[in-house]
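One structure is given here, and the rest of the page talks about it.
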Amino acid sequence: MDYQSNIIFKKSFRNKYKDSFNNGWLINWHCVDHVGYKNNPQNREIGYHKIFDYYAAKIKKYHSSDKIHFHFHPVALNNFANKCGNHYFSNSNNIFQILCRRIIERNWFPSVNRPGFHIERPDSHWFLEQFIPFDYANQSYKNFTPNGYRLENWEGAPKTWKPYHPDYKDYRKVGNCKRWIARCLNLGARSAVLDQEEINKAFVDVKKGKKAILAFTNHDYRNMVPDINETHQMLTKASEKYGVQFKYLDAKNAFRKSMKLKKRKKLNFKLKIKKNFIEIISSHKTFGCQPFLAIQGKNRKFYHENFSIIKPHEKWHYYFDDHSLRLNNIKNFGFASNDDYGNTTIIKIDFRKSKIKKYYI
């Protein structure tokens, strides 16, 4: 992986594959944490932040415009690291541990998701709807995937490149949920493979004045260079054929630009710390009804909890008592939230020193 990524990150490589506006190739790295596994037959990188830190260092070293986003694999019932469960919560609390640690240990929280194995079910659908506004998940395709209904099932979802708001009961249908789902096909895989026909569809839609995000995914354990080369050739061919320009964007700005989302100022919070609780008020409405709360006890364990909602999307309390943790038992306290524009704010509070730190993504 290291040798390949050193080549891919070089400006000389990226500039071989420019868009219509002379920008070099751009990659969105959706980083997973492999944790809590008993078996690791493919020797995957195990541990919190391992992959996240690797690509954060690469982006910094090469002064890259790439961005890091979220990727999550539910633990399979057999606890093999190369397998994927289809329930976020039944076999582990990894999703909470990972996000708590990203907030407290890395000052980071996601606004963009790509689901592991492109699997979504009601539990993950409703979880994402609470916290993460942008989701590159839809793999609806002209031919049904060969694994049937075993893994991802996007049968009946839109086959166009226009993102949609999902239905509350069925993430594949257009509905009234807040988050956006975009279509994202595979490079060099066995199913839902991006080809010239699919690329042409996106260019035709744009030429007709329709909205489109053309998204595709690959994996860093493969040699991605041939796939990048082939995909760029197809993009260039479609651009020349239909007289439509294409532009590389990071995954968040692709939604903002293509869907013409209303720009918002940074999401801020006012804090009032009382004797046994904290009151939090947002500067404008959060994406979900509450921020994601992360606590680290003095026992070094990480906890996720709900706030007491005073006014959804705007005002919350959290109480420090025998039903939760008292202040003198807390090492780190933090929370994070997005708004519907994808502005991300992380707040960390050191109660011992009465210090508040804010981070904006």
Item to check | Selected residue (criterion: farthest from Leu214 (Cα to Cα)) from residues of the range 259-292 that are in contact (Cβ under 8 Å) with a residue 40 or more places away in the chain and among the β-branched types (Val, Ile, Thr) | outcome: Ile273
Checklist outcome for this item: Counting only strands (runs of 3 or more DSSP E) entirely within the range 34-140, those with at least 1 residues that are of a type in the set (Phe, Trp, Tyr) are 67-72, 134-138
Next on the checklist: On the basis of being surrounded by 14 or more Cβ atoms within 10 Å (Cβ to Cβ) and within 18 Å of Arg102 (Cα to Cα), does Val35 make the cut?
Outcome noted: yes
Next on the checklist: Here's a check for you: in the range 332-361, which residue that is of a type in the set (Phe, Trp, Tyr) and part of a strand (DSSP E or B) is nearest to Glu314 (Cα to Cα)?
Outcome noted: Phe335
Item to check | Criterion (modelled with pLDDT under 95 and either among the charged types (D, E, K, R) or outside the structural domain of Tyr54 (by TED's automatic domain parsing) (or both)) met by exactly one of Asp195, Asp220 | outcome: Asp220
Checklist entry - Could you say whether any residue in the range 114-129 is in contact with a strand residue (DSSP E or B) (Cβ under 8 Å, 6 or more places away or on another chain), aromatic (Phe, Trp, Tyr) and either modelled with pLDDT of 90 or more or surrounded by 15 or more Cβ atoms within 10 Å (Cβ to Cβ) (or both)? => result no
Checklist entry - Residues Ser308, Ser324: which one is closer than 22 Å to Phe96 by Cα, surrounded by fewer than 14 Cβ atoms within 10 Å (Cβ to Cβ) and of a type outside the set (Lys, Arg)? => result Ser308
Checklist outcome for this item: Of those in the range 1-32 that are closer than 30 Å to Ile103 by Cα and among the aliphatic types (A, V, I, L, M), the residue surrounded by the fewest Cβ atoms within 10 Å (Cβ to Cβ) is Met1
Next on the checklist: I need the full set of residues from the range 110-125 which are touching a helix residue (DSSP H, G or I) at 6+ places or on another chain (Cβ under 7 Å) and small (Gly, Ala, Ser), in order please.
Outcome noted: Ser111
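Within the range 156-164, does at least one residue satisfy the condition of being of a type in the set (Phe, Trp, Tyr), without any contact (Cβ under 8 Å) to a residue 40 or more places away in the chain and outside any loop (DSSP other than H, G, I, E, B)?
Among the residues of the range 156-164, at least one is of a type in the set (Phe, Trp, Tyr), without any contact (Cβ under 8 Å) to a residue 40 or more places away in the chain and outside any loop (DSSP other than H, G, I, E, B), which makes the answer yes.
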Next on the checklist: All but one of (1) crowded, with 19+ Cβ neighbours inside 10 Å; (2) among the β-branched types (Val, Ile, Thr); (3) at pLDDT 95 or above; (4) part of a loop (DSSP other than H, G, I, E, B) hold for Thr145; state the number of the condition that does not hold.
Outcome noted: (3)
Item to check | Matching option when the condition is assigned by TED's automatic domain parsing to the domain that holds Lys252 and farther than 20 Å from Asp227 by Cβ, among Phe9, Phe13, Phe52 | outcome: Phe52
Next on the checklist: Contact list please: Cβ distance under 9 Å, first residue in the range 232-244 and under 16 Å from Arg14 (Cα atoms), second residue part of a helix (DSSP H, G or I) and among the hydrophobic types (A, V, I, L, M, F, W, C), pairs at least six apart or on different chains.
Outcome noted: Leu235/Ile199; Leu235/Phe203
Checklist outcome for this item: Across the range 322-361, the tally of residues that are acidic (Asp, Glu) and closer than 26 Å to Ser65 by Cα stands at 2
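Results for (1) within 20 Å of Leu185 (Cα to Cα); (2) among the polar types (S, T, N, Q), shown as yes or no for each residue.
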residue	(1), (2)
Ile98	no, no
Glu105	no, no
Trp108	no, no
Ile119	yes, no
Ile132	no, no
Gln139	yes, yes
Checklist outcome for this item: By my count, helices (runs of 4 or more DSSP H) wholly in the range 184-272 with at least 2 residues that are of a type outside the set (Ser, Thr, Tyr), within 30 Å of Phe335 (Cβ to Cβ) and within 23 Å of the chain's Cα centre (by Cα) are 251-258
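The values are calculated or read from the model by the stated rules, or taken from the named source; none is laboratory data. Being a predicted model, the structure only gives us computed values, none of them experimental. Ideal geometry is used to build each Cβ from the backbone, glycine not excepted, and the neighbour counts take in all protein chains shown.
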